[in-house]
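The values are calculated or read from the model by the stated rules, or taken from the named source; none is laboratory data. Every value quoted in this text rests on a predicted model; they were computed, and no experiment measured them. Here the Cβ positions follow ideal geometry from the backbone for every residue, glycine too, while neighbour counts run over all protein chains shown. Just the protein is used for accessible areas: all its heavy atoms, side chains included, with ligands, DNA and RNA removed. Shrake-Rupley method; radii C 1.70, N 1.55, O 1.52, S 1.80 Å.
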Amino acid sequence: MMVRAAAMAGELDPRLKVGLTLVLGPLFWAASPWPLSACLLALSWFVVGLVAARPMEGRMIRSLFFFLLFWVVMKGALDAFFGLPLAQVVLSALLLGLRLAALISLGLCLALSTSSRSLGLALSWALRPFLGRERAWQVALSLALMVHFLPLCLSSLAQIKETLGLRWPGCPLWRRMQLIPQAFLRVLGQKTWNQTLAVAGRGLDSHEAWVPDFTWSGLDTLVALCGCAVVAILFAV
């Protein structure tokens, strides 16, 4: 069921998904805990389905969990340092964790259900009336490359750490701090060159490759109506 819902999310119009993300993101930061918790549960359900369809993304999810945990602990430590009551410290840290978790889940739903090219096409469609045809596709290509490159960076860094742990189990910390950045920069150079060749080989460095060809479906209309209802509830509560 979750995998099927994740597949349906991938079929949605990318303009709709980007628009909902841009609207819901700021609302999540100001929403009350109860409706925010409901949104988090729904988004987490979709994230689990999306990760099940793409098992390699599980490592990125774990990294984001530690990122979330770090800021929750930091928030609690700072509040306790400034002498706030213990109950307020705990509630404030939990609320921050809830907001960050909802924002991260929202971003993961967009990133895992939409290809970097689809995001670029949606951006090109939105910017063309303001920037013109030529500049719009260049901005779209830049966004697509950035979105595609960031997961590659995280995956490469994780592989380097794993390889170093297997080849040198007792590697001292000071040596790890030297070897990992060096290997990471070398791998990034190789991937940058490979990505440049891929862009040129697929003809993505021209205006014709970034002409939007979206089709709006009944499912898009239904999801848009549900999104409007969620926005109204977040505003009202």
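Students often forget the sequence filter, so: which lysines lie under 24 Å Cα-Cα from Lys191 once same-chain residues fewer than 8 apart are removed? Result set, ordered by chain and number: Lys161. On the basis of the beta-carbon distance and an R0 of 25 Å, Cys153 and Ser92 show a calculated FRET efficiency of 0.15. Take the Cα of Gln178, go 7 Å toward its beta carbon, and the backbone nitrogen atoms of the stretch 154-171 under 17 Å from that spot belong to 164-165, 168-171.
Mind ranking 16-23, 154-161 by how tightly packed they are, going by the mean number of other C-beta atoms within 10 angstrom, highest first? Don't skip to the end; give the middle numbers.
On the way: 16-23: 17.1, 154-161: 15.5.
My ranking of the peptides, most packed first, is 16-23, 154-161.
Which loop-located chymotrypsin sites (Phe, Trp or Tyr not before Pro) does the stretch 158-237 contain, where loop means any DSSP state but H, G, I, E or B and the Cβ has at most 16 other Cβ atoms within 10 Å? Could you put the intermediate results ahead of the total?
Details: sites: Trp174, Phe184, Trp193, Trp210, Phe214, Trp216, Phe235; in loops: Phe214, Trp216.
Here the sparse-neighbourhood loop sites are Phe214, Trp216.
Centre-to-centre separation between the Cα atoms of the stretch 193-220 and those of the stretch 123-154: 10 Å.
On a per residue basis, the stretch 35-172 carries 59 Å² of accessible surface, using protein heavy atoms and a 1.4 Å probe. Going by a ≥ b ≥ c, the root eigenvalues of the Cα gyration tensor, does the chain fall in the rounded group (a/c under 1.5), the prolate group (a/b larger than b/c) or the oblate group? Because a/c hits 1.5 or more and a/b fails to exceed b/c, the chain counts as oblate.
Could you tell me which of rounded, prolate or oblate describes the stretch 132-205, using a ≥ b ≥ c as the square roots of the eigenvalues of the alpha-carbon gyration tensor, with rounded for a/c under 1.5 and, failing that, prolate when a/b is larger than b/c and oblate otherwise? The shape class here is prolate.
Hey, with R₀ at 41 Å, roughly what FRET efficiency would Leu69 and Glu208 work out to, going by the Cβ-Cβ distance, to 0.05?
On the way: r = 46 Å, r/R0 = 1.12.
It comes out at approximately 0.35.
Descending by average beta-carbon neighbour count within 10 Å, the peptides 110-121, 75-86 line up as 110-121, 75-86, the highest first.
Relative contact order of the chain, taken over Cα pairs closer than 8 Å and 6 or more residues apart, is 30 percent.
For the chain, give the percent of accessible area contributed by carbon and sulfur heavy atoms, probe 1.4 Å, rounded to a whole number.
Carbon-and-sulfur percentage of accessible area, whole number: 72.
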